[in-house]
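Everything on this sheet refers to the single structure shown next.
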Amino acid sequence: CPRPGPREAGGARSGAPWRMKVAFLFLTRGGLHAEELWADFFRGVDPAQFSLYAHTKAPPPPSSVLARWRIGEIVPTEWGSISLVHATLALLRAAMVDEANSKFVLLSESCVPLYPFARVHAELMKDERAWLMHSVTPPWMVHQKGPTREFLRWSKRLEPVVPAPASLLKQQQWMAVTRPLAQLFLQPGADYTALWDGGLFAPDEHYFVNVVAHELRRAGGVPVGAGAAEVLDRVALNRRLTHVEWGQVGNGRAPLKLAAVTDELAGRARAEGCLFLRKVAPGADLAQLRAGWARI
């Protein structure tokens, strides 16, 4: 399988009809925290515009939006480990079977859409590139020492892909990738998961963005000395897909679980350019969010 060049991997149109289907990939423990809202989101939408895939720890409840869409390849997952990357790759493999799928959107059970389906679909399709929020990993984060354990994100094992700690890119786990990028991740010779196995922390916050940069350089067509940002800008928008509220928890910061989504909160998330809100608690009050859809 030939490796895609930078333009091809970015999702440039070919002679084939342009695909307009969004694959929603849910990486969850079971069902969704906002089942009714998601049911409303998909209700009445032309099936030619979307498809659903779910990788769940336990089968979703029969009443869940995801009940019919659990994939066959289920990977035992553990927070902060390479298993989450394996689960994401399993979702991509399942979704790639449908040749009409053009964009592949990775979401968790705590995500809710900030807009009705038509607006989300339009935003994802108006640019052929992926949504892959990224930055250089801060030096303090590469090797963190906690009270009971160390959190190491880079080691010499990564040198074939990430030659030095200063080169390690960080991404938002929740992303939207194009079909050519999904092909890149799944093609023979592009599986680097073994390099991240063995104790490195949070590979899901690093794997995909670093593999993209590495593979595009290998494919050629990238100016000598081009930085990672220049390479990635060819194939991905550096844009956040999901918004999360942060707060003080103990001695550090952590994402806040949301018991309600107010107009003010939804407005902040939309102003940031996000399409989804994350960390919504089960049973959260979503009345203002639902009413806001009607005004958009």
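Figures for the structure shown
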item	result
Single residue of Glu123, Glu109, Glu150 found to be of a type outside the set (A, V, I, L, M, F, W, C), surrounded by fewer than 19 Cβ atoms within 10 Å (Cβ to Cβ) and touching a residue at least 12 places away in the same chain (Cβ under 8 Å)	Glu123
Residue satisfying condition, being open to solvent by 30 Å² or more (accessible area, probe 1.4 Å) and within 18 Å of the chain's Cα centre (by Cα), within set Gln183, Gln171	Gln183
Filter result for Pro282 (within 19 Å of Ser108 (Cβ to Cβ), modelled with pLDDT of 95 or more and open to solvent by 20 Å² or more (accessible area, probe 1.4 Å))	yes
Tally, over segment 239-279, of residues that are among the polar types (S, T, N, Q) and open to solvent by less than 30 Å² (accessible area, probe 1.4 Å)	1
Close pairs (6 angstrom Cβ cut-off, 6 or more residues apart or separate chains): farther than 19 Å from Leu91 by Cα in segment 35-61, in a strand (DSSP E or B) and open to solvent by less than 20 Å² (accessible area, probe 1.4 Å) anywhere	Leu37/Val112; Phe41/Pro113
Residue count for segment 191-219, restricted to those that are of a type in the set (A, V, I, L, M, F, W, C) and surrounded by fewer than 18 Cβ atoms within 10 Å (Cβ to Cβ)	2
Ala219 vs. criteria touching a residue at least 24 places away in the same chain (Cβ under 8 Å) and more than 30 Å from Leu152 (Cα to Cα)	no
Among (1) open to solvent by less than 40 Å² (accessible area, probe 1.4 Å); (2) over 17 Å from Ala228 (Cα atoms); (3) in contact with a strand residue (DSSP E or B) (Cβ under 8 Å, 6 or more places away or on another chain); (4) of a type in the set (S, T, N, Q), the one test that Ser155 misses	(3)
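The values are calculated or read from the model by the stated rules, or taken from the named source; none is laboratory data. Keep in mind the model is a prediction, meaning the values are calculated, not measured. Positions of Cβ are generated from backbone atoms using ideal geometry, with glycine treated the same way; all protein chains shown enter the neighbour counts. With ligands, DNA and RNA removed, areas are computed over all heavy atoms of the protein, side chains included. Shrake-Rupley method; radii C 1.70, N 1.55, O 1.52, S 1.80 Å.
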